[in-house]
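Down below is the structure, laid out as C-alpha cells.
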C-alpha cells in the first residue's frame, strides 16, 4: 500500500508531537512508516522546524501547496477556523488528497488530531494512492 500524509500543525509544534500524531494515525489505518510515499502541507509550513525535522528524519519527499490550491479540494471536514488562519478550509485532508492524486473516497484517516504536552496541536490525514 502506498499512502500520503497530509500534515498540519500549530506554529512551533515540536517534532515529537508531530511524530506521535503520525504514529497514531498510521496505527488507526493499519499502515506503517514504510507505506508513506510522500508528505504534504500548506506552503505556510514550508519553514516549520518540527515538520521539516520529521520529513528529513524519514527521508520523505515533501510537497507544499498554496492555500488557493488546497481550497479547491473537496474534503469531508472543512473548517472555518482553519480558513480564518490559513486561507483554506482544509490543510491536512486536502494536502493528503492532492499528494495522492485522488479524491476523498481514498481518505484512510480523515483528520487525526493530537495536542502535545506543550499545548501545540498536530493534525494528520492519510490518503491511499491509486494503484
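Please work out the ratio of the alpha-carbon Rg of the chain to 2.2 N^0.38 Å and round it to two decimals.
On the way: Rg = 12.9 Å, N = 131, 2.2 N^0.38 = 14.0 Å.
Taking the Cα Rg and dividing by 2.2 N^0.38 Å, one obtains 0.92.
Please find the FRET efficiency linking residue 52 to residue 105, where r is the Cβ-Cβ separation and R0 is fixed at 22 Å, and quote it to the nearest 0.05. Don't jump to the answer; show the numbers that get you there.
Numbers: r = 31 Å, r/R0 = 1.39.
Taking R0 as 22 Å, the efficiency between residue 52 and residue 105 is 0.10.
What is the extension gain from residue 113 to residue 43, computed as 0.36 nm multiplied by their sequence separation minus the C-alpha to C-alpha distance, in nm to one decimal? Walk me through the intermediate numbers first.
Values: separation 70, 0.36 × 70 = 25.20 nm, distance 1.98 nm.
Extra length from residue 113 to residue 43 when fully extended: 23.2 nm.
Given an 8 Å cut-off on Cα distances and at least 6 residues of separation, report the relative contact order of the chain as a percent. It would help to have the intermediate numbers written out before the result.
Values: 292 pairs, mean separation 48.4, N = 131.
37 percent.
The simple Förster model, with R0 at 30 Å and r as the Cβ-Cβ distance, assigns residue 83 and residue 32 a FRET efficiency of 0.35.
Over region 1-127, what is the percentage of antiparallel beta bridges among all DSSP beta bridges, to the nearest 5?
Numbers: 12 of 20 bridges.
Counting DSSP beta bridges with both partners in region 1-127, the antiparallel share is about 60 percent.
Throughout, read-outs are computed from the coordinates displayed, never taken from laboratory work. Because the structure is predicted, anything quoted here is derived from the model rather than measured. Every residue, glycine among them, receives a Cβ derived from its backbone with ideal geometry; neighbour counts consider all protein chains shown.
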